[in-house]
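Accompanying notes for the structure given below.
The values are calculated or read from the model by the stated rules, or taken from the named source; none is laboratory data. Note that the structure is predicted; figures quoted are calculated from it, not measured. Glycine gets a Cβ as well: all are built from the backbone with ideal geometry, and neighbour counts include every protein chain shown. With ligands, DNA and RNA removed, areas are computed over all heavy atoms of the protein, side chains included. Shrake-Rupley method; radii C 1.70, N 1.55, O 1.52, S 1.80 Å.
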Amino acid sequence: LKNIRINGELRGTNGFISNNSGNTTISDSNGYYTFTSLADSTYIITPSLSGYSFSPTNRSVKVPPNAVNQDFSAAINCLAGQVVDTSSRPIPNVTVSISGTSTYTVYTDANGYYSAVGIYTNCGGVANGSYTITPSKRVGSQNYTFYKPSETVNIPPGRKDINFVGSIPSGGPAG
């Protein structure tokens, strides 16, 4: 092994970096990482951290010479949306069931917004995978009808546009 290096930065977070030879390193608190003492070869560098997606998803790096500035940008995986009625008014307190790689049950806020983790404006990291989102609400003896009963999405990328429109059957109480 020679004193050959690959280094770079994870912009937006810190996490694990691995290469195809089985080496793993952890970036520091500023997101910087380094692989040292590498043999002459081509390496596939891949960042990972649950709840995040990275761009690019990996890098192919041939050494020698040293490979510097092999940077990645991180984006938090968000899964969120809004529930409104047919007049585009928010529907609060809708139960939103999210099932898939992880499972969440959350409720819309006063403005009809929901998020799997955290709040809509700053939603947290959702693990990569497939999710089915299903809204439900009952008022008295009436169930709301949702014009799209559920939606299945794949994360990444994160999404804040998983919206639903609902209405109470005719003659039922509002609210």
Of the residues in region 109-127, those that are hydroxyl-bearing (S, T, Y), open to solvent by 60 Å² or more (accessible area, probe 1.4 Å) and either at pLDDT 65 or above or not in a loop (DSSP other than H, G, I, E, B) (or both) number 1
Looking across region 133-146 at residues that are free of Cβ contacts under 8 Å to residues at least 40 places away in the same chain and part of a loop (DSSP other than H, G, I, E, B), the single one that is nearest to I91 (Cα to Cα) is G140
The lone condition S88 fails out of (1) open to solvent by 40 Å² or more (accessible area, probe 1.4 Å); (2) closer than 30 Å to I4 by Cα; (3) at pLDDT 90 or above is (2)
Within region 37-68, residues more than 30 Å from S99 (Cα to Cα) and either open to solvent by less than 70 Å² (accessible area, probe 1.4 Å) or touching an Asp or Glu at 6+ places or on another chain (Cβ under 8 Å) (or both) come out as S37, L38, A39, S41, T42, Y43, I44, I45, V61, V63, P64, A67
Just one listed residue, out of S21, S37, S29, S60, is touching a strand residue (DSSP E or B) at 6+ places or on another chain (Cβ under 9 Å) and modelled with pLDDT under 90, and it is S21
Check: Has region 86-105 got at least one residue that is part of a loop (DSSP other than H, G, I, E, B), touching a residue at least 12 places away in the same chain (Cβ under 8 Å) and within 27 Å of N30 (Cα to Cα)?
Finding: no
Among (1) farther than 28 Å from T152 by Cβ; (2) touching a Ser or Thr at 6+ places or on another chain (Cβ under 7 Å), I45 falls short only on (2)
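Looking at Y104, Y32, which one is out of contact with any Cys (no Cβ under 6 Å at 6 or more places or on another chain) and closer than 29 Å to Y114 by Cβ? Talk me through it step by step, then tell me what you get.
On the way: Y32 fails: closer than 29 Å to Y114 by Cβ.
Y104 is the lone residue from the list that is out of contact with any Cys (no Cβ under 6 Å at 6 or more places or on another chain) and closer than 29 Å to Y114 by Cβ.
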### Query
Any chance region 37-60 includes a residue that's of a type in the set (S, T, N, Q), in a loop (DSSP other than H, G, I, E, B), in contact with a Phe, Trp or Tyr (Cβ under 7 Å, 6 or more places away or on another chain) and within 30 Å of I133 (Cβ to Cβ)?
no
